[in-house]
Amino acid sequence: MPNASSNSSRVSGRPDIAASTDTGTLSTLTSTIRLRLKVPARLRNLELALLIVAIGIDVGAIALVQLGALGQLESSMLVQVGMLGVLVLVLHVVLRVVARDADPLILPIATVLNGLGIAMIYRVDLAYGMAGWDNGGVRQVAWTVLSIVIAIAVLLVVRNHRVLQRYTYIAMASGILLLILPMLPLIGSDLGTSAQLWIKIGPFSFQPGELGKVALAIFFAGYLVTARDSLSMVGRKILGMQFPRARDLGPVLVVFAASMLVLVVQRDLGTALLYFGLFLVMLYVATGRSSWIVLGLGLFLLGAFVASQTLGYVGGRVDAWLDAFNPEIYDATGGSYQLVQGMFGLADGGLIGTGLGQGSPEITPLAESDYIISALGEELGLIGVFAILGLYLLFVSRGFRIGFAGQDDFGRLLGVGLSFVIALQVFVVIGGVTRVIPLTGLTTPFLAAGGSSLVANWIIAALLLRLSDSVRNQPLLVVDPIPDSRLVVNK
């Protein structure tokens, strides 16, 4: 009878615990361990190289803005962006310690997008003659510092993403509270816009709904892990498609009602679309049933039609989208003036743009926030806009890859949900600026001015980094040369 030690062996967990004494088995284990020890170093070295390039692009963009707009270099903003580069390198060092297997592309992409946003906001400030704290670029630098510090804190505190699942309903309560805060008297504010989205305490203002999208993504992931079995049950078959049972429609109807409440009370079409779309996509990933998407799209189209007919500000945006160049709509309050000016800015950039610092972003309203893509398109051209979209595509694809590669359901849903938040925001913003869809008021991730959005997006980046580290550390089954003998080591 063959010896048990030569017949099969199993090693689990870290590669420093006992393995088979068989020579071939030990050789396989040793080579696997050496390979895995080299992989984290390669990942972090690749990240470091890309970060150096990203920081160089950001500093170079500021320099080009100054040369184009001022004809000379000024040290203050260059030093500030350079210090941001140092802070990003600190985040890189933290990853080497607490998340050495994290994805090497997410941090460089976030860095270059954030830096380009600062450069464009600074460019708009120069066009308007802003200085000091009135300078939006300075404020964006300050918010970036806070955002990166918070991202570091997230990585240090959340050592295992599965811990977040314990706080599913706390995340739900937090998300709802963050949505309600702007509606409260005394602290709720519209900051002179048509949407009640901010809280304002003294000179400080913040948009809590941006953090709400992260909290609700955590809640949706935790809830769907426990409820997916009932939500996967099939009901009646209509037109060849299995639809869910009527009694299982509750969660979708509740989220739909909450989204419509946000639309009516806060007058915020973008946030309503984001929350409802996020839940639908995560529901589809959890159950694998396309009927939920069909049902959700039907509810969305019905809600959009009713809103366009009954809510004046929604109908106005639809009119501006469909007939932007109509003189009556163009000149109307809240009409298509901003949209048309943004389109002219994009068109003026042509293929290669006017060059950083050499355009006229002041002609485009809200060039530092809602229409920052138009301002960038004017100075960087179609090629520059495509490059930015390519960065977003790479960021989102890495996020989806992280999500789908996860073995635990919560991590899979959370990774997909957080990535979809970025993807939907980019689609809605670009689609609105180019008249593919009506404008909604969402911000361009990492680029647009706004501290609350920046904080939320850096938290998303930190969570994706944590998820990617967990994915790469999942157990990997390695079959050794001896039949029926297996080794389990960390991937």
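The values are calculated or read from the model by the stated rules, or taken from the named source; none is laboratory data. This is a predicted model, so every value here is computed, not measured. Every residue, glycine as well, gets a Cβ built from its backbone with ideal geometry; the counts of neighbours run over all protein chains shown.
Residues being without any contact (Cβ under 8 Å) to a residue 24 or more places away in the chain and either within 15 Å of ALA54 (Cβ to Cβ) or in a loop (DSSP other than H, G, I, E, B) (or both): count how many of those fall in region 90-143.
4
Looking only at region 268-323, which residues are buried (at least 19 other Cβ atoms within 10 Å of the Cβ) and not in a helix (DSSP H, G or I)?
ASP268, ARG289
Residues checked against (1) of a type in the set (A, V, I, L, M, F, W, C); (2) modelled with pLDDT of 90 or more; (3) in contact with a Leu (Cβ under 8 Å, 6 or more places away or on another chain); (4) crowded, with 19+ Cβ neighbours inside 10 Å:
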| residue | (1), (2), (3), (4) |
| --- | --- |
| ARG36 | no, no, no, no |
| ARG42 | no, no, no, no |
| ASN45 | no, yes, no, no |
| ALA49 | yes, yes, no, no |
| ILE62 | yes, yes, yes, yes |
| LEU67 | yes, yes, yes, no |
| MET77 | yes, yes, no, yes |
| GLY82 | no, yes, no, no |
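Mind checking which residues of region 341-366 are under 27 Å from LEU454 (Cα atoms) and part of a loop (DSSP other than H, G, I, E, B)?
If the condition is that a residue be under 27 Å from LEU454 (Cα atoms) and part of a loop (DSSP other than H, G, I, E, B), then GLY353, GLY355, LEU356, GLY357, GLN358, GLY359, SER360, THR364, PRO365, LEU366 are the ones that fit.
Within region 147-162, identify whether any single residue is over 30 Å from GLU74 (Cα atoms), touching a Ser or Thr at 6+ places or on another chain (Cβ under 7 Å) and either charged (D, E, K, R) or outside any loop (DSSP other than H, G, I, E, B) (or both), and answer yes or no.
Within region 147-162, one or more residues are over 30 Å from GLU74 (Cα atoms), touching a Ser or Thr at 6+ places or on another chain (Cβ under 7 Å) and either charged (D, E, K, R) or outside any loop (DSSP other than H, G, I, E, B) (or both).
Hey, among the residues in region 118-136 that are modelled with pLDDT of 90 or more and not β-branched (Val, Ile, Thr), which one's farthest from the chain's Cα centre (by Cα)?
Looking at residues that are modelled with pLDDT of 90 or more and not β-branched (Val, Ile, Thr), I get LEU126.
Within region 331-340, is even one residue outside any helix (DSSP H, G or I), under 27 Å from the mean Cα position of the chain (by Cα) and either at positive phi or of a type in the set (A, V, I, L, M, F, W, C) (or both)?
no
State which residue is modelled with the highest pLDDT when the search covers only region 175-197 and only residues that are under 20 Å from the mean Cα position of the chain (by Cα) and more than 24 Å from VAL285 (Cα to Cα).
LEU178
Which of the residues that make up region 405-448 are crowded, with 20+ Cβ neighbours inside 10 Å and basic (Lys, Arg)?
Matches in region 405-448: ARG412 only.
Which members of region 207-232 meet the condition of being buried (at least 19 other Cβ atoms within 10 Å of the Cβ) and not in a helix (DSSP H, G or I)?
If the condition is that a residue be buried (at least 19 other Cβ atoms within 10 Å of the Cβ) and not in a helix (DSSP H, G or I), then GLN207 is the only one that fits.
Could we say that SER369 is at negative phi, surrounded by fewer than 24 Cβ atoms within 10 Å (Cβ to Cβ) and not in a helix (DSSP H, G or I) here?
Criteria met by SER369.
Of these, VAL149, VAL145, which one is closer than 17 Å to ARG466 by Cα and surrounded by fewer than 18 Cβ atoms within 10 Å (Cβ to Cβ)?
After applying the criteria, what remains is VAL149.
Taking PRO203, is it free of Cβ contacts under 8 Å to residues at least 40 places away in the same chain and more than 23 Å from GLY406 (Cα to Cα)?
Yes, satisfied.
Where the second residue is among the aliphatic types (A, V, I, L, M) and in a loop (DSSP other than H, G, I, E, B) and the first is closer than 25 Å to ILE218 by Cα and lies in region 172-193, which pairs have Cβ atoms under 8 Å and are six or more apart or on separate chains?
LEU181/ILE187; PRO182/LEU197
I'm checking my understanding of the structure. Among residues of region 344-366 that are hydrophobic (A, V, I, L, M, F, W, C) and modelled with pLDDT of 90 or more, which one is surrounded by the fewest Cβ atoms within 10 Å (Cβ to Cβ)?
By that ranking, first place goes to LEU351.
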